[in-house]
1. Somewhere in segment 156-164, is a residue part of a loop (DSSP other than H, G, I, E, B), surrounded by fewer than 21 Cβ atoms within 10 Å (Cβ to Cβ) and either outside the structural domain of residue 52 (by TED's automatic domain parsing) or of a type outside the set (Asp, Glu) (or both)?
2. Looking only at segment 360-400, which residues are under 28 Å from residue 625 (Cα atoms) and acidic (Asp, Glu)?
3. Here are some residues: 392, 479. Which one is surrounded by fewer than 20 Cβ atoms within 10 Å (Cβ to Cβ) and not assigned by TED's automatic domain parsing to the domain that holds residue 625?
4. I need the full set of residues from segment 399-425 which are touching a residue at least 12 places away in the same chain (Cβ under 8 Å) and either closer than 22 Å to residue 70 by Cβ or among the aromatic types (Phe, Trp, Tyr) (or both), in order please.
5. For segment 47-70, enumerate the residues that are crowded, with 16+ Cβ neighbours inside 10 Å, in contact with a helix residue (DSSP H, G or I) (Cβ under 8 Å, 6 or more places away or on another chain) and either in the same structural domain as residue 425 (by TED's automatic domain parsing) or not small (Gly, Ala, Ser) (or both).
6. Could you list, in sequence order, the residues of segment 708-733 that are surrounded by 12 or more Cβ atoms within 10 Å (Cβ to Cβ) and either in a helix (DSSP H, G or I) or without any contact (Cβ under 8 Å) to a residue 12 or more places away in the chain (or both)?
7. Please enumerate the residues belonging to segment 241-261 that are surrounded by 15 or more Cβ atoms within 10 Å (Cβ to Cβ) and not in a helix (DSSP H, G or I).
8. Answer yes if at least one residue in segment 536-543 is part of a helix (DSSP H, G or I) and either of a type outside the set (Lys, Arg) or not assigned by TED's automatic domain parsing to the domain that holds residue 440 (or both), and no otherwise.
Amino acid sequence: MEIINPTGKYTFSVSTDFCGRELKIEVNRVGFRTTSSVLVTYGDTVVLGSVVVSEKPVVQDFFPLSIDYEEKFYAAGKISGSKFIKREGKPADEAVLIGRLIDRPIRPLFPKGYRQEVQVVTTVLSMDPNFRPDVVAMLAASSALLNAGVPFDGPIAGLRIGRVNGEFKAFLSEEEREQSDLDLVVAVKDQKIVMVEAGANEVPENVIIEAMRWAVEVVQPALELQKKLRDQLNITEKPYELSLPNSLITEKVESWTREHFKGEDGQIGTKVRGNVLDRKRIADTLRDQMDAEFALELGEGETDEEKIADYEARLKTEVHNAYELAVHHEVRRAIIEDGVRPDGRKLNEVRPLSSQVSILPRVHGSSLFTRGLTQAMNIVTLAPLSYAQVVDTMEVTDGERRYMHHYNAPSYTVGECGRLGSPGRREIGHGYLAERALLPVLPSKEDFPYAIRSVTEIMSQNGSTSMAATCSSCLALMDAGVPLKSAVSGVAMGLMLDGETPHVLTDLMDAEDFAGDMDFKVAGTRNGITALQMDIKVTGISEEILREALAQAHKGRMEILDNMETAIAKPRDHVSEWAPKMAQMMIPVDKIRIVIGKGGEQIDKIIAACDGIKIDITDDGKCVFYHTRQDMIDKAMQIVGDLIREAKVGDIYDATVSEVRESFAFVTLFPGTDALLHVSELAWTRVEKIQDALHVGDTIKVKVTGVDATGKVKVSAKECLEKPEGYVEPKKNFKPQGKPNFHEKREGANVERRVFKKKENAE
């Protein structure tokens, strides 16, 4: 240990071997004015984890925790590719998603009622190109929190793994990621899983379970290293106060609700079961009744207006909060004790389903998917590949996002007034999850060269909107004629833990999410899983619960797929009449310049001649044409075909005379290719002056007689004419020059002729 910190703190580090590389955590070297800071080094990746904790709690009804992931281009030796902005600005969607990835396993590990503001920032200072830095950043956040003196029930550690050739592997290289059929991130506390996120190529459920089990074991050295750090630091937890409901008010409200939630059958909770809109109306009515009764009780005999105002304030805060908590307790109790959900469903039952397609007339593909009170409309737009989003991040250079899923859920979808604005972290996260679920079944850009934008407009919310977005997107893509390999559905699974006894719920609703212990989203085809996302509110769940949840989710997904197939069983065999039609052809690489022309002159002419057609040309010579009219595509392909056509010996053309000289003329066979026509090849009879026979602009039928190595073409007009009867080929004077070569010596006739002439000369 050494003291280099001006605050007098010791700087030291701990290290261990982790998946074949040294993992090192160093404390107190940087960030002197933070509450806590660590430098985590793994390979050539270095991440700064910093934590700042407010001195006093803030007055609000939620935990003010923020966790951000900062990517720096310099960490990868890059400068932003933008022409106009070179410094880092608004985080890219990828950085937002990693921030959420770190946040989700950490947030539940703080006690309920903790209200001191905590800000965690993870900054990638150096990035090893051999693996992604996100789980290193998660470890940095956890380590910094352990050193901050806050009531954080950690540590946690994450691991990103794949499956290459049937073998699980962590910290995959870019090449290995391309080969892997699984991309799974698991966050672990002790021996239990606290968060899961995955993308997969139709991987079976049992493989997912095996991967999770493998990850839990492999990640243990990273957990033990943090525990070693915590022991050596011996940090004293700072005193804090929890903002908890008033126990007297809570007991009073719960007593009141137990009595008033009884239905006509006398059963607790039956009065607030049924349709969600009816439940809300009844619950609000009961709350108003409770307010009136409590107001009379609290304000009895009171005349002081300030005290009366204080009573009203208490009603709006503590009493109302206690009432909402009581409702959640009743939801939980009914599920655990009675096996009955708020809407009367069984634990493994999916809400009523409805699937529709082609609901909007002028878009390229559309759908409306309804599950209970949750409803998602999806619109698909097809465009040329050049419309794909360019991705320029710390990790990716000139990447391409061909399939884009965007998710919108305004406040009116929950029956509230709210401000409209740009998408937040939740919208970005939900859109990405739905996008990830569909990516494995999309056709390749070679087979379907379109950029695809899928937009989900949530129309109504009551839980599991990201999975509704997945289902509606799949329907709209098939409606748009995108040839998906398989249909994809998704369902959200919930959990109510009664001690060690799990109660797994299929198709989670809002009320169950608020009152429950898990939100586990599962998407996939009939063949396997394509995406997972799990968040929990407890300190971990076992493998047995995960196995049960996945099995129950499979049954729910199949039921949803059955319903989706009633609307559209397979992708349409054609794109919409309003979508751009597509055709493609390959052109020789050396002909690309001819098609484009100097300064784009030639391709601009083609675009103008073909009603603004869109033409994409790749470096390998693939030329793709897009237009809503097939005749314009055909016309453009004909023009390009003429530009790249190569003349072959024996081909006959109606050529146009472009230039006439003394003994020959140049004729244009097709755009971009001229040929030489000698006066001797004009006719079978002698032509004295070619100028008398040909003029610029004339059309003449010619036959290709030769193409040399440089591409110069010779043609003959007389070869297209009938040879006159009795025609005798003119004799050509033979004038041998030089000595006969090797081949001439082997040709007997020529040798004899040369020998004869030599003898003649000798005489």
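1. No, segment 156-164 contains no residue that is part of a loop (DSSP other than H, G, I, E, B), surrounded by fewer than 21 Cβ atoms within 10 Å (Cβ to Cβ) and either outside the structural domain of residue 52 (by TED's automatic domain parsing) or of a type outside the set (Asp, Glu) (or both).
2. 392, 398, 400
3. Numbers: 479 fails: surrounded by fewer than 20 Cβ atoms within 10 Å (Cβ to Cβ).
Only one candidate passes the filter, namely 392.
4. 401, 403, 407, 423, 425
5. 47, 48, 51, 63, 65, 67, 68, 69, 70
6. Hits for segment 708-733 are 718, 719, 720.
7. Within segment 241-261, 243, 245, 246, 261 qualify.
8. Taking segment 536-543 and keeping what is part of a helix (DSSP H, G or I), we get 543.
With the extra rule that they be either of a type outside the set (Lys, Arg) or not assigned by TED's automatic domain parsing to the domain that holds residue 440 (or both), the set shrinks to 543.
Checked against the condition, which is being part of a helix (DSSP H, G or I) and either of a type outside the set (Lys, Arg) or not assigned by TED's automatic domain parsing to the domain that holds residue 440 (or both), segment 536-543 yields at least one hit.
The values are calculated or read from the model by the stated rules, or taken from the named source; none is laboratory data. Because the structure is a prediction, the values reported are computed rather than measured. In this analysis, Cβ positions are derived from the backbone assuming ideal geometry, glycine residues included, and neighbour counts consider all displayed protein chains.
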